[in-house]
Structure formats: structure tokens, C-alpha cells
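Asker: Below you will find the structure I want to go over with you.
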Amino acid sequence: MFHRARFALWTTRLRLELRRKGGRLELDAPRGARLKGAPTLHVTGEGEGDGVLRLRIGRDVTFGRGISMRIRAKGTNFLELGDRTDVQDGVRLWLFSGSLRVGRSSILRDCALFKTSGNLELGEFVRVGYCTVFHCHEEIRIGDRVGIADHIVFIDSDHVHDGSDTWMMDQPVKATPVDIGRNTLVGAHAMITRGARVGRNSIIAASALVRAGDYPDSSLLGGLPAGVLRSLHGDAGEP
């Protein structure tokens, strides 16, 4: 009962903050969530959309301490955390007129950042490592049972720079979806950039830079830029 009451108090505050900035909350969380600490809220009157944050929380969801949420209240925002999702300490959830869907039994480890103005989707049983960053402008999809190590960057966009004096932040943004196939392991310090489509059952080596392109199933990817080093079919872990 304590956890439900604490969650209800926090969602009441969220509802009021959204209302003050021109938005509203649609809540689907009949069992609440376990809050070790109430997530801090940074709500602005920005955004384009219907002004609704749709918050859907499954069973046995846990929030750690020091979690922060940034929300553009006038956008169309959606946050879904599936059953038994564990959002650990210091995770940052930034909804800038975008959606974040996390499948059941996933773990978002300490200080990971999820910034979305598009469609950011993680499947079931996904493991996200410490201080990993997702920067979603259009679409990033992570398949079921993907293992993501620490200090990794996923980004589906970049700014054009035409070499002129025009500030790069005022130049157009190019975005291409990123897709990581089911049961793929992503090594520490890797960077996955716009247009990368990695097949299922693969490994991305530590510190690899994965650029736009289609990478086949069951492949070991590595290098700067990354390429297919070998097939994993029949690999028993030999070097």
C-alpha cells in the first residue's frame, strides 16, 4: 500500500506540472510502481502535438533513486514500461514529443539516457548498461533479448554541415532509423549511427563504430568503421 500511495502522490504532481504547462496526463497504471525515490520533473511549455503524455506502467515496475524526467508538455509523448521493468538509479527519461516503449523484464542500468522526439523502442528482456545514451530523432528499435554493455551511444540523426558560417545547429537534421536485431550483444564503448541495421544473433565488438548499412544475422562486427569480421555460426568462443 505504501508504494501505491507514493506512486499516486508522484503522478498527481506530474499531472499538475503538465497542466501548468498546457498539457495533460493519461495514466494506465492500475498497480502503480515501486518508487525508491520519486523521479524529478522538468516540464516545459514546448512541443508540438496533442499535449498529452500517455504513461503506461505494467506490473512490478521499479524506479531507482535520482531518476529525472524532462517533458515537453505540448507535444505528443508516450512512455510505456512493461511488466517487471527495472529503471535503476540516475536514469534520464527525456520525452521531447516522442515515445519510449520498453518491453517486459528489461533493465535500464544507472545513468543511462533516453532522449526521444521520435519512436524509441526496446524489446523484452533487454539489458542496457551503465551510462549508455539513446538519441532518437526518428526511430531506434532494439530487439528482444539484446545485451547492451556500458558507455554506448545509439544515434539515428546528425546535423548537416555545409562548411559555411551558418551555425551547425541551424542547419538541417538528417535522420535514418537504427535497428538492432534480436539476441545481439553490443560491446562497451561502441557507437551505432544513423541507418545501421544489424541482424539478429550478432555481436558488435567493443569500441566499434557501426555506420549505415545492412549487416547480416549471426555476424561479428568490429573496427573503425565496423565491418563483418566473421560469421558466428558454429562459434564455440574460440579466438
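The values are calculated or read from the model by the stated rules, or taken from the named source; none is laboratory data. Quick caveat: nothing in here was measured; it's all calculated off a predicted structure. Virtual Cβ from ideal backbone geometry, glycine too; neighbours counted across all protein chains shown.
Asker: Just checking: which of the strands (runs of 3 or more DSSP E) contained wholly in the stretch 177-233 hold 1 or more residues that are β-branched (Val, Ile, Thr), modelled with pLDDT of 95 or more and more than 16 Å from Val153 (Cα to Cα)? Full working, then the answer.
Answerer: On the way: elements: 178-180, 196-198, 213-215, 219-223, 226-231.
So the answer is 226-231.
Asker: Would you call Leu185 surrounded by 13 or more Cβ atoms within 10 Å (Cβ to Cβ), in contact with a Leu (Cβ under 9 Å, 6 or more places away or on another chain) and either among the aliphatic types (A, V, I, L, M) or closer than 21 Å to Cys131 by Cα (or both)?
Answerer: So Leu185 fails the test.
Asker: Look through Arg20, Arg24, Arg34, Arg54 and report the one residue that is surrounded by fewer than 20 Cβ atoms within 10 Å (Cβ to Cβ) and within 19 Å of the chain's Cα centre (by Cα).
Answerer: Numbers: Arg20 fails: within 19 Å of the chain's Cα centre (by Cα); Arg24 fails: within 19 Å of the chain's Cα centre (by Cα); Arg34 fails: within 19 Å of the chain's Cα centre (by Cα).
None of the other options fit; the residue is Arg54.
Asker: Among the residues of the stretch 199-217, write down those that are of a type in the set (Ser, Thr, Tyr) and surrounded by fewer than 18 Cβ atoms within 10 Å (Cβ to Cβ).
Answerer: Residue satisfying the conditions is Ser207 alone.
Asker: Considering only residues of the stretch 150-176 that are among the β-branched types (Val, Ile, Thr), part of a strand (DSSP E or B) and at pLDDT 95 or above, which is farthest from Cys136 (Cα to Cα)? Don't jump to the end; show me each part of the working.
Answerer: Of all residues in the stretch 150-176, those among the β-branched types (Val, Ile, Thr) come to 152-153, 155, 160, 166, 173, 176.
Checking which are part of a strand (DSSP E or B) leaves us with 153, 155, 173.
Narrowing further to those that are at pLDDT 95 or above: 153, 155.
Numbers: Val153: 11, Ile155: 6 Å.
Ranking the candidates gives Val153 first.
Asker: Can you pull out every residue in the stretch 119-166 that is over 16 Å from Asp179 (Cα atoms) and of a type in the set (Ser, Thr, Tyr)?
Answerer: Tyr130, Thr132, Ser164, Thr166
Asker: Taking Pro216, is it without any contact (Cβ under 8 Å) to a residue 60 or more places away in the chain and closer than 19 Å to Gly143 by Cβ? If you could, list the steps in order and put the result at the bottom.
Answerer: Details: without any contact (Cβ under 8 Å) to a residue 60 or more places away in the chain: yes; closer than 19 Å to Gly143 by Cβ: yes.
Yes, satisfied.
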